[in-house]
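Trainee: Below is one structure. I have some questions about it.
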Amino acid sequence: DAKTTQPPSMDCAEGRAANLPCNHSTISGNEYVYWYRQIHSQGPQYIIHGLKNNETNEMASLIITEDRKSSTLILPHATLRDTAVYYCIPTIQGAQKLVFGQGTRLTINP
Amino acid sequence: DAMVIQNPRYQVTQFGKPVTLSCSQTLNHNVMYWYQQKSSQAPKLLFHYYDKDFNNEADTPDNFQSRRPNTSFCFLDIRSPGLGDAAMYLCATSRDRGGYYEQYFGPGTRLTVT
């Protein structure tokens, strides 16, 4: 699995877009990029995943660079409930396992 | 609602006294996982079941065992808990959704070893 680099922490104002970067420069062609988050005292929660195209769902948007070496998770209108640790996890297509890195602790401020 | 249930939410055990943590699911997923998460660390996979096939991670201590008697239930047994085994234990489930596995996590069981 590709190694990832995420900033340890970020702050964002409530109502603004939160943009969380992830560097995965060693990603291979058959690795998806998954994003999960973990709100304090809860289990992790799936957010979104992508291979090479940008993706959007009801929770977030995922922008993957053309060379696939980095990606950005976008929470378009952050709320206080989005305060959590966000994990970027490259995973080989068809793999059942996730390997969590240290993630980014996102704090949404009122 | 379909979900992953972990019981108990909090478990206290004594040093060296065997303990079992339980996980059940109503999602009918064929894959079940156990993770260990220590304070301020990321979740770490201990093992997982693909149907009845058990897959142990190479660095999971022998002290940790698991059982999956049927699709819905999975147990984590810690044979002789040490102080270093105090952690949150997370159960998760998934199924093949066409080449990818979206994992659903339970709320976790926080284990304290005294």
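Trainee: Which of the residues that make up the stretch B:82-91 are open to solvent by 10 Å² or more (accessible area, probe 1.4 Å) and facing another protein chain (nearest Cβ under 8 Å)?
Mentor: Residues satisfying the conditions do not exist here.
Trainee: Further, regarding this structure: Hey, any hits in the stretch A:92-104 for a residue that's at positive phi and within 14 Å of chain B (Cβ to nearest Cβ)?
Mentor: Yes, the conditions are met somewhere in the stretch A:92-104.
Trainee: In addition: Looking at the stretch B:37-81, which of the residues that are open to solvent by 60 Å² or more (accessible area, probe 1.4 Å) and acidic (Asp, Glu) is nearest to B:Val12 (Cα to Cα)?
Mentor: Among those that are open to solvent by 60 Å² or more (accessible area, probe 1.4 Å) and acidic (Asp, Glu), it is B:Asp62.
Trainee: Now for a separate question. Hey, any hits in the stretch B:99-107 for a residue that's of a type outside the set (Asp, Glu) and without any contact (Cβ under 8 Å) to a residue 12 or more places away in the chain? Talk me through it step by step, then tell me what you get.
Mentor: Restricting attention to the stretch B:99-107, the residues satisfying the condition of being of a type outside the set (Asp, Glu) are B:99-101, B:103-107.
Filter again for without any contact (Cβ under 8 Å) to a residue 12 or more places away in the chain, leaving B:99-100.
The answer is yes; a qualifying residue exists.
Trainee: Quick one: count up the residues across the stretch A:30-61 that are open to solvent by 50 Å² or more (accessible area, probe 1.4 Å) and closer than 20 Å to B:Leu90 by Cα.
Mentor: Summing the residues that are open to solvent by 50 Å² or more (accessible area, probe 1.4 Å) and closer than 20 Å to B:Leu90 by Cα in the stretch A:30-61 gives 4.
Trainee: Let me ask something else. Residue by residue through the stretch A:78-88, note down the ones that are more than 14 Å from chain B (Cβ to nearest Cβ) and either buried (at least 16 other Cβ atoms within 10 Å of the Cβ) or at pLDDT below 95 (or both). Give the derivation first.
Mentor: At the first step, the residues of the stretch A:78-88 found to be more than 14 Å from chain B (Cβ to nearest Cβ) are A:78-83.
Across the stretch A:78-88, the qualifying residues are A:Ala78, A:Asp82, A:Thr83.
Trainee: Kindly provide the set of residues from the stretch B:92-114 that are more than 9 Å from chain A (Cβ to nearest Cβ) and either modelled with pLDDT under 95 or part of a loop (DSSP other than H, G, I, E, B) (or both), ordered by number.
Mentor: Selection gives B:Arg95, B:Arg97, B:Gly98, B:Thr114.
Trainee: Count, please, the residues in the stretch B:1-24 that happen to be in a strand (DSSP E or B), under 15 Å from B:Phe73 (Cα atoms) and either of a type in the set (Asp, Glu) or open to solvent by 10 Å² or more (accessible area, probe 1.4 Å) (or both).
Mentor: 6
Trainee: Go through the stretch A:1-21 residue by residue and tally those that are in contact with a Ser or Thr (Cβ under 7 Å, 6 or more places away or on another chain) and within 14 Å of chain B (Cβ to nearest Cβ).
Mentor: 5
Trainee: Identify all residues within the stretch B:92-105 that are small (Gly, Ala, Ser) and surrounded by 22 or more Cβ atoms within 10 Å (Cβ to Cβ); write none if there are none. Before the answer, list the steps.
Mentor: Restricting attention to the stretch B:92-105, the residues satisfying the condition of being small (Gly, Ala, Ser) are B:92, B:94, B:98-99.
Result: B:Ala92, B:Ser94.
Trainee: Mind checking whether some residue in the stretch B:91-109 is closer than 14 Å to B:Gln11 by Cα and small (Gly, Ala, Ser)?
Mentor: Yes, the stretch B:91-109 contains a residue that is closer than 14 Å to B:Gln11 by Cα and small (Gly, Ala, Ser).
Trainee: Shifting gears a bit: Would you be able to tell me the number of residues in the stretch B:25-49 that are part of a strand (DSSP E or B) and more than 28 Å from A:Gln6 (Cα to Cα)?
Mentor: Total meeting the criteria: 3.
Trainee: Pick out the one residue from A:Met10, A:Met59 that is part of a loop (DSSP other than H, G, I, E, B) and over 11 Å from the mean Cα position of the chain (by Cα).
Mentor: Of A:Met10, A:Met59, the one residue that is part of a loop (DSSP other than H, G, I, E, B) and over 11 Å from the mean Cα position of the chain (by Cα) is A:Met59.
Trainee: I've got another one for you. Which of the numbered conditions does A:Ile27 fail, given that it passes all the others? Conditions: (1) buried (at least 17 other Cβ atoms within 10 Å of the Cβ); (2) aliphatic (A, V, I, L, M); (3) in a strand (DSSP E or B); (4) more than 14 Å from chain B (Cβ to nearest Cβ).
Mentor: Going through (1) buried (at least 17 other Cβ atoms within 10 Å of the Cβ); (2) aliphatic (A, V, I, L, M); (3) in a strand (DSSP E or B); (4) more than 14 Å from chain B (Cβ to nearest Cβ) one by one, A:Ile27 breaks only (3).
Trainee: A:Ser71 passes all but one of (1) closer than 17 Å to A:Thr4 by Cα; (2) surrounded by fewer than 21 Cβ atoms within 10 Å (Cβ to Cβ); (3) of a type in the set (Gly, Ala, Ser); which number fails?
Mentor: (2)
The values are calculated or read from the model by the stated rules, or taken from the named source; none is laboratory data. Computed from a prediction, not measured in an experiment: that's the story for all the values here. When we count neighbours, we look across all protein chains shown, and the Cβ atoms used for this are built from the backbone with ideal geometry, even at glycine. Accessible surface is based on the protein model in full, side chains and every heavy atom, while ligands, DNA and RNA are left aside. Shrake-Rupley method; radii C 1.70, N 1.55, O 1.52, S 1.80 Å.
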